[in-house]
């Protein structure tokens with residue numbers, strides 16, 4: 001894939017609202033943040049998280065979990081020929097769809113987890129490459145962690 005400009009997430013672009021809490025149990029000022037779904041949100045954010053053989057399972061599952069808990073509609077899409085992928089460390093992940101089935105859907109965010117050889121498998125997927133390039137060209141958010149920024153983007 002061609003190198004694409006990375007965009008960063010800001011609190012304003014997330015589908016949840018941060019809340020600041022002060023601790024009442026100490027004389028020190030501790031700050032604690034919590035996140036909750038915004039009541040003013042009319043539509044859930046649409047997020048694509050691709051997975052491949054060799055994806056780092058923690059990076060995929062934690063991303064999916066946090067975004068779903070915050071109210072986003074997350075589609076987990078396999079870049080392989082079947083929904084089930086063999087992630088790192090013997091973990092199996094079953095995707096919601098194949099990435100080819102998602103190519104015409106507009107996403108608010110595409111988030112690529114890392115892991116090797118998962119990032120290489122992302123790079124070798126022409127459909128995912130075109131989806132990410134389209135996302136970038138339209139000025140929509142995309143993110144990648146671990147090996148994926150260097151290898152897949």
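FYI, it's all coordinate maths here, none of it is from the lab. Predicted model, so just to flag it, every value in this text is computed and none were measured. Every residue, glycine among them, receives a Cβ derived from its backbone with ideal geometry; neighbour counts consider all protein chains shown.
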| Of everything in the stretch 127-145 that's touching a residue at least 40 places away in the same chain (Cβ under 8 Å) and out of contact with any strand residue (DSSP E or B) (no Cβ under 9 Å at 6 or more places or on another chain), which residue is surrounded by the most Cβ atoms within 10 Å (Cβ to Cβ)? | 129
| query | Given the structure, is residue 129 touching a helix residue (DSSP H, G or I) at 6+ places or on another chain (Cβ under 8 Å) and outside any loop (DSSP other than H, G, I, E, B)? | reply | yes
| said: Suppose the filter is at positive phi and surrounded by 14 or more Cβ atoms within 10 Å (Cβ to Cβ); does residue 115 pass it? | reply: yes
| Which one of these does residue 143 not meet: (1) assigned to a loop (DSSP other than H, G, I, E, B); (2) under 15 Å from residue 74 (Cβ atoms)? | (1)
| request: Just one of (1) surrounded by fewer than 20 Cβ atoms within 10 Å (Cβ to Cβ); (2) out of contact with any strand residue (DSSP E or B) (no Cβ under 8 Å at 6 or more places or on another chain); (3) assigned to a helix (DSSP H, G or I) trips up residue 68, so point out which. | output: (2)
